[in-house]
Amino acid sequence: MSQWLGGLLNRAAAAGGLDGRSRQQESEVSADTLLDRIANDQLSVDDKQHAISQLTSLGKHMYQAVGSRIPLITKLMQANSNNIELLRESIELLTSIILCNPVNDNIIQIHNTELFINDKSNFAVIFNVLNLTSDHYVRYSVCTFLKTLLTNRFESVQESILACPMSVTSIMGLLKDSREVIRNEALLVLTDLTKSNQEIQKIIAFDGGFEILQDIIRIEGQSEGGIVVNDCITILNNLLKGNVLNQNFFREMGCIPKLAPLLQVQNTDMWILSDNKFSIIMSTLDLILSLVERNNLSTPANQQQISHCSMMNLIIRLGLGKMSSQFIRSKALYTLGEIINMNPENIAEFSAVSIKSELNGQSQSALLKLTLVLLHSKDLIEKQSAAHVFKCYLTGNEEAQMALASTITPPAPGDDDLSIGQHLVRALFSWEMSTTQSSTPSPASPTANTASLLANMRIDINGFWYSSMVIIYTLRDSTHAKEQMLKAVVEIPKSTATAGSGEQQPLTLFQKLMAALLATKKQQDIDPLIKIALLKILSIWLDKSPRVVTEFFKNGSHLSFIVESILQPITSTAANSLQVHIQGLFTAVLAQLMLNLDENNIADRNNLSSIINHRIGLNSFKEKMDTLRKTDQFTHAEQGEEPFQTALDKISIQLFDFDYTIFFKDICDKVRLLGTNMNKPRPGTRPSSAQSVTSPNTASSPPSSSPAVPHISKEQQQHLENENALLKKKIEEMELQHQQQQQQQKLSTPGNQSPLPPVVSIPTPTAPAVVAQPEPVTVTPVQQQQPTTEINNQNQENTQLINELQMLIEEKDKENRILSEAMSKLEDLILEKDDKLEELSNQIWLLNQQLQQEKQQNEQLQLAQSSQNNNSMASNDSNVDIFELMRLRQENVDYDAKLKSFEKQVNDQHHLIQTLKADNQQLILSKEEIVKKSSSSPPVPTSPSNVNNLVLAKVESELAELKIKYSSLQKDQDEIMDWATKLEVENSTLKAQLGK
């Protein structure tokens, strides 16, 4: 019956002039018809199942139609949960309408995914089917469907599954399925489901997820397993990463020791490692890194248990053993660093580990082996990981810092067994030895020595760089280690005495460092990284260590070299591309000298102050440090420490690490404070002449380096100037009074034996002979000493008062200069702001004009698009723009005419139906009368009633198709109006943002 009706409808459609429709429209009509059959309750389950099979065979042409009626499919599945074939075909149909193709745009599939997710009851149906059915194909199809959903809309599917009761438990039940295909598909679903959702992670963990996954790993053969083991480790990593509660539960359940077999490798695996075993070891190391991640409350306990189950020894064997893979060695060393980071017990255990040497077969400490890897490895990624281990070993561990500093001793002649410190010092100055040998070739056979000279000139810059980093880690935040390394001797002179000069002193590490830094001045083609590394060491060494600063000033050439390097102009050549970093570090060294100088060393302090203010300039001094802070290398290091990565093209020497950026920024902050207090006199002392001379120049410093100046009006400024004028007058009066007092003091001084003062003070016109007599000037000592003492005390008080007044006047003058400069800069800023405001107002006016034009265009487009038709627009998202609307307008020019013609056809068909119904009623009445009259006569095979019924069926089918088309047109029209409304809202939002 259904086939006969379908053929009849097709013939009626052909008779109605619909043969010009496209194949896609025919498919859509067929899909709607099949969906109507599924919705028909009078049809049997077999017919509905057959309709679903036909829908699946239609391919992509039915995606949109089926997606709009997904609840119809899920209700059918819920009503027939015992029909395995129906469930399987229904799930495959749902999977096909959401499965994305990487080549296409997949808009319809994503839209169908969102339609399925929006109805929460759909997930209840899927998981109900999963719980009630154990069929292989149904469970496999459900896993494929869930995996496709997660691929399309990850977070939304997670939220929907979390909202569905017992859904996660149902998925976990698939892991216990004895069929490996189902279990493996469930692992793929859990891999996506457990990402970044801690609620789902907790449910899986407390539902026995850890035990189930580790049982699967054990069954599959631990490290000898394949991709299934790797998937289980990935899920464990998702469950533990950043989830403290799960990590505590994982540790308390005793699951950490079960990870050790995953890191066990045979001796044959050291040279030839399969791809599966490589992936398993790398994933296991990732899992351990998640357990010991920083800033995590459970990390110390996890570190302890990792050490107690001997897993740390396995990692040391992977990192420092004979493993052929550089990635496993490097990642194992990086993981080792995180295991011992800030954990004294693990650090002590690592220090006691010994490894058999590959050269002589003797045992050597793991630290010494790590040093050899750091200096002599050919892989940069391995050097970085070894440096990371040293950083974690030395940071915050002053005992280890001092122990490493104690190994810096002069090597014995002919002794190849060097200590850690001796290896580091040799690598730190290896460039100096190479350049020295290359600069003095043998005059006898220059050709024969060419190869050796070229070999000597090749400097292992990577080994030098990472040796300097270990020296920095040894010095950082340890005053005792700095002082111990200050005394460390690295070279002993071969002859203890010379003919003309006395005994030669041993060369300390600090002296050799400064000599190497001075030697870089003579070598123009030296690698800039050498200067940067040496300056970083020096800046760290000088920090909070006055003894090191005192040692620095023992050689006068040190300071002059620092100042000359700062004043050296920067060129734009490629060779000097790192000159900005070098000058910034030289400036930081000079700032450290000023900040950490002994307070009693006033001469050096005044000298440094004069250099910074006069020779360099305070503005230039700060600018060089700020320029370094703005470089890409520095800003990149400010973001924090990078995680371990295996991309070799992204691995390079990093000029700065995160800790050094914090250290450098702290210096910059102190320099800003230094700029405000550099010229202030110390309490109780009179300002020196150098300070009085430099006071006018300090007015040229920028407002950022001066103290914060409040807004002061012109009346207040004039009042301050009047006070200064009065103070100056008082000072002049006091100076005049002071001069008069000094003259009186000279007249009354006992040591003055000249006879002229008595003549001037006591003139006697009548007795000139008295001039030669000494009686007028002879006084007793007691009578002369008392007024002289009073005058001296008064003079001292006046001198002190004059000094205080001069200091007050200087401060007032400085404040006046700062205020005037601030006033002028404020006026400049006001003018600049006014210009910017005027420019912005012009831009806003232009943007308003453009928005008005766009608004008019949008209104025109809204009117034009209200009568357009495009079936593909039903699946587009809300990101439709003006250009898409213009394209639709161009493609559907005759849309309005077609719509009117369809409406006219509908009206004509309505009239025809009414006429035919009236005729049919009359024919039925006449038929009934004839039947009554001749009930025994046989029926006429071609009665008018049958003919009219056929015509009526034909017309009704045409009407149904027209109704479907008309409803789809109305739907498209409503969607276009919605998109136009959204576009208008976006334009208004853009206009508001531009107005702001």
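The values are calculated or read from the model by the stated rules, or taken from the named source; none is laboratory data. Given the structure is predicted, the values throughout are model-derived calculations rather than measurements. Every residue, glycine as well, gets a Cβ built from its backbone with ideal geometry; the counts of neighbours run over all protein chains shown. Ligands, DNA and RNA are stripped out before the accessible areas are found, and what is left, the full protein with its side chains, is counted by its heavy atoms. Shrake-Rupley method; radii C 1.70, N 1.55, O 1.52, S 1.80 Å.
Overview of results
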| quantity | calculated |
| --- | --- |
| Fully extended contour minus Cα-Cα distance, from K650 to E159, at 0.36 nm per residue | 173.1 nm |
| Residue order for M311, M807 - accessible surface, 1.4 angstrom probe, largest first | M807, M311 |
| Nitroxide proxy distance, nm - points 7 Å out along Cα→Cβ at I227 and S57 | 3.3 |
| Label-zone membership for the stretch 54-93, site D978, 7 angstrom Cα→C-beta point, backbone N under 14 Å | 68-69 |
| Cross-link pairs K48/K147; K730/K814; K650/K670; K369/K665 - those with Cα-Cα distance over 24 Å | K48/K147; K650/K670; K369/K665 |
| Relative contact order (percent, whole number), the stretch 30-207, Cα cutoff 8 Å, 6+ residue spacing | 18 |
| Largest-first ordering by accessible area, 1.4 Å probe, given options I182, I219, I653 | I219, I653, I182 |
| Built amide H within the under 5 Å cut-off of V490, gap 5+ | L507, T508, L509 |
| Length gained when the stretch S406-F206 is fully extended (0.36 nm per residue, less Cα-Cα span) | 66.9 nm |
| Computed E for N131/S363 - FRET, C-beta separation, R0 56 angstrom, nearest 0.05 | 0.40 |
| Förster-model FRET efficiency, 51 Å R0, D215 and H376, C-beta, rounded to 0.05 | 0.70 |
| Contour minus Cα-Cα distance for Q970 and K322 (0.36 nm per residue) | 225.9 nm |
| Calculated over the stretch 30-207: convex hull of Cα atoms, volume per residue (Å³) | 109 |
| Within the accessible area of the stretch 30-207 (1.4 Å probe), percent carbon and sulfur | 49 |
